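Just below is one structure, and these are the notes that go with it.
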Amino acid sequence: MNDRLVSGQQNSDETSSESGLRPISLKEYVGQDKVKENLSIAIEATQSRKEPLEHALLYGPPGLGKTTLAHIIAKEMDVNIKVTSGPAIERAGDIAAIITKLKKGEVLFIDEIHRLSKVVEEILYPAMEDFTLSWVMGEGLKAQNINLNVEPFTLIGATTRFGMVGAPLRDRFGLTYRLDFYDQTAMELIIKRSCGILGVVAEESGIRELAKRSRGTPRVANRLLRRVRDYAEVVGNGKITDTVAKEALGKLEVDPLGLDDLDNRILRALTDKFEGNPVGLDTLAASVTEDPDTIMDVHEPYLLQLGFIKRTPRGRIATKRAFAHLGIQQNKPGDLNQLNLWTTED
Ligand SMILES: Nc1ncnc2c1ncn2[C@@H]1O[C@H](COP(=O)(O)OP(=O)(O)OP(=O)(O)O)[C@@H](O)[C@H]1O
Ligand SMILES: [Mg+2]
């Protein structure tokens with residue numbers, strides 16, 4: 001489990017503290033306007049036809065609100081939600097047992113859906129398509145083909161790794177939504193809302209500073225808010241002002257852009273050690289002694305968003321903006337410009 005302060009991933013002790021701050025209706029869910037708009041149209045239309053909602057796939061970096069949105073969808077549809085995750089469903093029989101228990105229109109939420117095993121995925125295909133289950137129970141001579149009709153249900157899948165969800169599974173989702181990092185205005189609203197719930201007093205300027213350093217990620221914002229509140233209580237009167245926020249976050253080593261020490265080490269490796277040349281993920285991870293998955297899920301998306309790194313077919317490179325941010329002279333601007341021409345999105 002990754003316990004870095006600016007990680008969008010959930011820390012080991014956050015499950016209960018998060019539930020109190022989780023919005024429970026689409027109205028309360030701040031930002032992601034396009035997703036909300038499309039989703040409310042889909043919900044309204046299916047409700048008027050009295051049908052279950054189509055299966056929905058939610059993807060995007062950790063901490064942006066996928067789980068929250070899944071619960072909201074069930075609530076707005078006024079149905080129960082059953083929650084599980086890719087790694088938790090081991091055998092064909094496990095998924096079959098879950099699906100047969102679902103009542104009409106209920107939501108099955110599968111988190112980390114990219115980690116489903118092949119056998120489980122294969123049970124899901126016909127279940128998603130025409131609400132039938134077929135699997136083999138037992139082995140050898142005792143093996144039995146089981147075919148069952150189940151009640152129509154809505155599968156909601158969530159993943160931080162859209163690329164790892166195979167095409168056959170992906171194609172069976174009628175609705176696919178990508179969650180993006182939140183902008184400054186949305187982050188300020190999220191922090192204000194959390195202040196209201198937690199009973200924290202904060203000045204506009206303090207909220208602005210917190211929002212700036214929260215990496216466009218609500219989970220990070222709520223985590224930093226708690227830490228800054230502690231600091232405000234210890235050094236002052238509990239009120240979060242601009243100065244208090246800056247001081248507290250400075251002590252926590254979260255810089256004005258929300259970068260932490262690992263982000264800076266990644267940038268330094270790309271600019272200094274590899275001198276602006278393309279670097280593969282594993283080499284980069286080894287050079288900063290960090291897990292490649294953490295770099296890929298947490299650090300890379302935000303550095304890409306800031307325009308500090310780019311992905312090329314030959315690896316990650318630091319951009320001119322990263323060199324400028326670190327105040328470093330770029331050695332081979334000609335080479336870098338050429339590399340930028342190949343930049344791809346994947
Ligand atoms: N749109 C939002 N408005 C307000 N708060 C939000 C919003 N989205 C998320 N949050 C807050 O951020 C926290 C983390 O969100 P959530 O658990 O839904 O993220 P996630 O995308 O499922 O992350 P992971 O990939 O780690 O599973 C929630 O507990 C909630 O308090
Ligand atoms: Mg989640």
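Read-outs: derived from the displayed coordinates by stated rules, not from any lab. It should be emphasised that the depicted structure is a prediction, and the values quoted were computed from it without experimental measurement. Virtual Cβ from ideal backbone geometry, glycine too; neighbours counted across all protein chains shown.
The table for this structure:
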quantity	calculated
Euclidean distance of C-alpha centroids, the stretch 52-90 and the stretch 161-186, integer Å	12 Å
Low-density loop positions, GluC sites (Glu not before Pro), the stretch 31-96 - DSSP coil, at most 16 other Cβ in 10 Å	54, 90
Ranking of 298, 235 by count of other Cβ atoms within 10 Å, fewest first	235, 298
Over the stretch 111-237: Rg over Rh, Cα atoms, Kirkwood Rh	1.24
Cut-off of 10 Å, at most 13 other beta carbons, DSSP loop: longest stretch of the chain lacking such trypsin sites (Lys or Arg not before Pro)	105-313
Efficiency of FRET between residue 233 and residue 22 - r from beta-carbon atoms, R0 25 angstrom, step 0.05	0.55
Net charge over other residues, Cβ less than 12 angstrom from the Cβ of residue 125 (K, R count +1; D, E count -1)	-2
Least to most buried among 151, 106 (fewest other Cβ within 10 Å first)	151, 106
Candidate lysines - alpha carbon under 19 Å from residue 320, same-chain residues fewer than 8 apart omitted	273, 310, 332
Cβ-based exposure ranking for 299, 55, in which fewest neighbours within 10 Å come first	55, 299
Cα-based reach from residue 101 at 13 Å (exclusive), listing aspartates and glutamates while leaving out same-chain residues under 8 positions away	151
Fluctuation leader among 258, 236, 65 - the chain, Gaussian network, Cα springs under 10 angstrom	236
Qualifying lysines (Cα of each under 17 Å from Cα of residue 27; at least 8 residues distant if same chain)	36, 66, 75, 192
Per-selection Rg to Rh, the stretch 261-340 - Cα, Kirkwood hydrodynamic radius	0.92
Rg/Rg_ref, the chain, where Rg_ref = 2.2 N^0.38 Å and atoms are Cα	1.12
Residue 240 long-range amide H proximity, modeled H, under 5 Å	201, 202, 203
